[in-house]
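The values are calculated or read from the model by the stated rules, or taken from the named source; none is laboratory data. These figures come from a predicted structure and were not determined experimentally. Every residue, glycine among them, receives a Cβ derived from its backbone with ideal geometry; neighbour counts consider all protein chains shown. With ligands, DNA and RNA removed, areas are computed over all heavy atoms of the protein, side chains included. Shrake-Rupley method; radii C 1.70, N 1.55, O 1.52, S 1.80 Å.
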Amino acid sequence: MSAPISLVDRRPQADAEQIVASLVPPPQFDGATFDSYRPDPAHPSQSEALERMRELATVWTSPKRGLFKRRAPEVKPGIYLDGGFGVGKTHLLAALWKSMPGPNRFGTFIEYTALVGALGYAETVRALQGSTIVCIDEFELDDPGDTMVMTRLLGELVANGTKLAATSNTPPNALGEGRFAAADFLREIQAIADRFQIMRIDGDDYRHRDVSGHAPVTDDDAIPAELERIGGTVALDDFDALIAHLSHVHPSRYVGLVDGVKALGLRGVRVLTDQNDALRLVALVDRLYDAQVALRASGVSLDRVFSEEMLGGGYRKKYLRAISRLHALAAEG
């Protein structure tokens, strides 16, 4: 096997056209269709959501009725799937994206706000206008500024005929946050709330992932052998050097950092104390998870990288999602 590369040595560049072209479902949803979705009979809301998404794919793409023909019932231009982890919301979102004639866009909330940061608001509107549908996975409500920008953006798009579909996760935890987020969603996007139909999806996490333990820690000396065993293009970096490098790469270009990488080794993982560093790591973890990059790390267990203060703060949801994904990637390979 060739020597590991370093993500720190990568300085990905991308223009507006390339960034927008990357707004597609993650590779793990390449096979996601309505037919491949398996609703749990114990939770009828999953079947109801499936049928509604099928209906929307048909209604939203049907030719408009003539002036003297019977009018169809009004269908809102947006749908919001509200539910917990692992009930298939992203699968349904990807299936809807595939069912609509293009051009279509699919990204996480963070990716769209990063796009605005990279291109500016007006250029982002121009880049997304003309899309048949814009899908927003994991809609975030923890940053009022980002939420306001996204609401304004979506309002402009839907006014020009674009359809919208969004999902959100509401993780249960000891603080009693095991509720659903629909009310919060409608309150925060009040300017366009009437554009969305809300559908709640109940169910158990199909992954049944236990994140109560700690992600495995690998000795520094053992990381290269682990990477070699996994094979393919692998990367090896010092944790602090990578965190510093992320501050010099726009999050919209993180996908270029991990492009083609099968496994990443991190030496000297520590607890982060800077919120900006932590949020940039969250964005990188999302890209690593999309690409299913296996992780091997020394130092502090990956699930402890965010401080207790951070986990109790306003970005708790982001950090919990990242921890779940770090657990999963540490078990890959």
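A few points about this structure:
Table: residues versus (1) in a helix (DSSP H, G or I); (2) open to solvent by less than 50 Å² (accessible area, probe 1.4 Å).
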| position | (1), (2) |
| --- | --- |
| PRO25 | no, yes |
| GLY31 | no, no |
| ARG38 | no, no |
| PRO41 | no, no |
| MET53 | yes, yes |
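- Criterion applied to ARG267, ARG287 was being under 23 Å from GLU226 (Cβ atoms) and at pLDDT 95 or above, and the one residue passing it is ARG267.
- For the range 275-310, residues that are free of Cβ contacts under 8 Å to residues at least 60 places away in the same chain and closer than 21 Å to THR147 by Cβ total 6.
- Selected residue [open to solvent by 50 Å² or more (accessible area, probe 1.4 Å), under 16 Å from the mean Cα position of the chain (by Cα) and either basic (Lys, Arg) or more than 29 Å from SER2 (Cβ to Cβ) (or both)] from ARG304, ARG321, ARG280: ARG280
- The range 231-256 - residue that is aliphatic (A, V, I, L, M), modelled with pLDDT of 95 or more and out of contact with any Phe, Trp or Tyr (no Cβ under 9 Å at 6 or more places or on another chain) and, of those, surrounded by the most Cβ atoms within 10 Å (Cβ to Cβ): VAL234
- Condition check for PHE106: modelled with pLDDT under 90 and of a type in the set (Phe, Trp, Tyr): no
- PHE106 falls short on exactly one of the conditions (1) under 30 Å from ASP204 (Cα atoms); (2) over 18 Å from the mean Cα position of the chain (by Cα), and that condition is (2).
- If you go through the range 101-119 and keep only what is in contact (Cβ under 8 Å) with a residue 60 or more places away in the chain, open to solvent by less than 10 Å² (accessible area, probe 1.4 Å) and of a type in the set (A, V, I, L, M, F, W, C), you end up with PHE106, LEU115.
- Residue in the range 183-194 that is open to solvent by less than 30 Å² (accessible area, probe 1.4 Å) and modelled with pLDDT of 90 or more present: no
- Filter pass, THR132 being closer than 23 Å to PRO39 by Cα, polar (S, T, N, Q), open to solvent by 10 Å² or more (accessible area, probe 1.4 Å) and at pLDDT 90 or above: no
- Complete set of residues in the range 140-169 that are among the β-branched types (Val, Ile, Thr) and open to solvent by less than 40 Å² (accessible area, probe 1.4 Å): THR147, THR151, VAL158, THR162, THR167
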